Amino acid sequence: FEHCYESLLGYNKDMELEPCLATSWEQPDPITYIFHLRKGVKFHDGGDFTAEDVKFTFERILDPKTNSPRKPFFESIKKIEILDPYKVKFVMSQPYPPFLNIAATWYGAIVSKAAVNKHVSMQSVAIGTGPFKLKTYEHGVKGVFERFADYWDKPKPYIDGFDFIVIVDDTSRVGALRKGVVDLGWVKEAQMAKLMEKEKNLKILSSSAIRQQRLWFKVNKPPFDNVKVRQAISACIDRQEIIDTVMFGNAELSACIPTDCKPYGLSQQEMAKLPFYKQDYELAKKLLPEAGYPKGFEFTLITSPHSPDYVPCAEILQRQLLKAGIRMNIEQKDWGITLKLYRTGEFEAIMFAGVWYPDPEAYCAAQFHSKSTGNHFGYNDPKLDKMFDAQKTEVNLEKRVKIWHEIQRHMAETVPCIYPYTSTARYEIINKKVQNYHLLGNNSRVMLRQAWLEK
């Protein structure tokens, strides 16, 4: 998305908001945002970018017929008004502090109204305003991107294009990087990244620890509709053993939002003191009979070999839970099937990781608010809803941080989800001849637009 599409705002290399398709913005009151749009911007099909496209994009996201997974993040938008061809006003139903940060991500990527009306589905075409055009695409093999000659931020991009090659096997990817066959790639395993540091022609980049491993439960069905069952599972887990064994120590504790989601995240010391975060089998064995399962119970966890830590993490969890009489079966699925089962709620428990979000709300409110369309778990906690609603409209940063600290403690207590650890999403390996490239804190490669090759 980030190479073909752009949003109203963007992030610089320090993860600070900066203008993109909007040259400036203003907020005359807590529920109103006015964006002044960039003139002379072209879509890849030659069409002009105007306020019509902005209004159409967000109304399309909010339209239930679109079934957009981004809808929960923009549901506070009450109306969108076009003030002139290059000026648009958003009016919220209530104050919504995360709006600018979320609108700066690909969640708010602007599409062409004319292109969508022509092609109907945007699954087979990519028509945006970004620095690169998608020339050809072969599923699971390669995407070929070429420089967009009419890009508004001239003389960028500096390179003529790039090939995004799918190399699933880590060993093959590393070999291609060593030989210089590819200029940029990544690995997820810290041990492999350390080995690559010895290569004279390569350098390693990494982002903040913002990738969370997440174990979700179907909480509106037995046995996970019982909070004591979920608490018992949390009490069985030795999080540090998972961090040391699966991640070789290159991870840290996580609550519903990670420490590096500043200033909202709890410190590592605070997380260690959260309810049910310390392995305590005596407590687990006390809770299970109280929940009606004196002999334990059996359930199936769905995960995927898509990432190298998913199955090993599941296997350690399986061993740790068995000591309390909880028998967890592991069912490995293809990545696409895993995501489909997650979105349709067809699971007892499911585990995979999530990455950076621009605002703490996206880490858990979009999943666990009872009225959210992203709640695939059947979770309904009036107290949590009330806290989610309070932070959503709180414009005072200190007060909002305090609410988020309370949310993290409450979710550790009620355990709608378990977060075994958080880590860097990947280790970017780059050939030293690539100049002026930065890996952003959210693992974005958007800075390819300003990079060049040193010959």
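A few points about this structure:
- Condition met for Thr373 (polar (S, T, N, Q), in contact with a Lys or Arg (Cβ under 8 Å, 6 or more places away or on another chain) and at negative phi): yes
- Members of the range 141-197 found to be open to solvent by 70 Å² or more (accessible area, probe 1.4 Å), free of Cβ contacts under 8 Å to residues at least 40 places away in the same chain, farther than 23 Å from Pro305 by Cα and outside any helix (DSSP H, G or I), listed by number: Arg147, Lys154, Pro155, Asp160, Asp163, Val181, Glu197
- Any hit, the range 76-97, residues being closer than 30 Å to Gly161 by Cβ, within 24 Å of the chain's Cα centre (by Cα) and open to solvent by 20 Å² or more (accessible area, probe 1.4 Å): no
Here is a yes/no grid of residues against (1) acidic (Asp, Glu); (2) over 25 Å from the mean Cα position of the chain (by Cα); (3) modelled with pLDDT of 95 or more; (4) open to solvent by 30 Å² or more (accessible area, probe 1.4 Å):
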site: Ser7; (1), (2), (3), (4): no, no, yes, no
site: Met15; (1), (2), (3), (4): no, no, no, yes
site: Leu21; (1), (2), (3), (4): no, no, yes, no
site: Ser24; (1), (2), (3), (4): no, yes, yes, yes
site: His36; (1), (2), (3), (4): no, yes, yes, yes
site: Arg60; (1), (2), (3), (4): no, no, yes, yes
site: Pro64; (1), (2), (3), (4): no, no, no, yes
site: Lys71; (1), (2), (3), (4): no, no, no, yes
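- Tabulated pairs, the range 90-107, first part of a helix (DSSP H, G or I), second open to solvent by 30 Å² or more (accessible area, probe 1.4 Å) and of a type outside the set (Lys, Arg), C-beta under 6 angstrom, 6+ apart or interchain: Trp106/Phe1; Trp106/Glu2
- Residue count, the range 331-340 (criterion: open to solvent by 10 Å² or more (accessible area, probe 1.4 Å) and assigned to a helix (DSSP H, G or I)): 5
- Each residue in the range 370-394 was checked for being of a type in the set (Phe, Trp, Tyr) and part of a helix (DSSP H, G or I), and 1 pass.
Residue by residue, here is whether (1) at pLDDT 95 or above; (2) charged (D, E, K, R); (3) farther than 23 Å from Lys13 by Cα; (4) over 23 Å from the mean Cα position of the chain (by Cα) holds:
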{"position": "Glu138", "(1), (2), (3), (4)": "no, yes, yes, yes"}
{"position": "Tyr151", "(1), (2), (3), (4)": "yes, no, no, yes"}
{"position": "Val174", "(1), (2), (3), (4)": "no, no, yes, yes"}
{"position": "Glu199", "(1), (2), (3), (4)": "no, yes, yes, yes"}
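- Among the residues of the range 203-222, not a single one is over 30 Å from Tyr293 (Cβ atoms), in a loop (DSSP other than H, G, I, E, B) and charged (D, E, K, R).
- For the range 108-132, the candidate set comprises residues that are surrounded by 18 or more Cβ atoms within 10 Å (Cβ to Cβ), in a helix (DSSP H, G or I) and small (Gly, Ala, Ser); within that set, the residue that is farthest from the chain's Cα centre (by Cα) is Ala115.
- Of all the residues in the range 309-330, those that are outside any helix (DSSP H, G or I) and open to solvent by 70 Å² or more (accessible area, probe 1.4 Å) number 2.
- Sole residue being of a type in the set (Gly, Ala, Ser), in a strand (DSSP E or B) and under 22 Å from Lys89 (Cβ atoms), chosen from Ser24, Ser7: Ser24
- Restricting attention to the range 407-455, the residues being acidic (Asp, Glu) and under 24 Å from Leu287 (Cα atoms) number 1.
- Within the range 255-294, the residues that satisfy the criterion of being over 30 Å from Arg400 (Cα atoms) and open to solvent by 50 Å² or more (accessible area, probe 1.4 Å) are Gln279, Asp280, Glu282, Leu283, Lys285, Lys286, Pro289, Glu290, Gly292, Tyr293, Pro294.
- Of all residue pairs spaced 6 or more apart or on separate chains, those with beta-carbon atoms under 6 Å, a first member in the range 116-135 that is farther than 13 Å from Glu2 by Cβ and a second member that is of a type in the set (Ser, Thr, Tyr) and crowded, with 21+ Cβ neighbours inside 10 Å are Ile127/Ser112.
- Some residue of the range 395-416 being in contact with a strand residue (DSSP E or B) (Cβ under 9 Å, 6 or more places away or on another chain), assigned to a helix (DSSP H, G or I) and aliphatic (A, V, I, L, M): yes
The values are calculated or read from the model by the stated rules, or taken from the named source; none is laboratory data. These numbers come from a predicted model, not from an experiment. We place every Cβ from the backbone using ideal geometry, glycine too, and count neighbours over all the protein chains shown. In case anyone asks, the SASA skips ligands and DNA or RNA and just uses the protein heavy atoms, side chains included. Shrake-Rupley method; radii C 1.70, N 1.55, O 1.52, S 1.80 Å.
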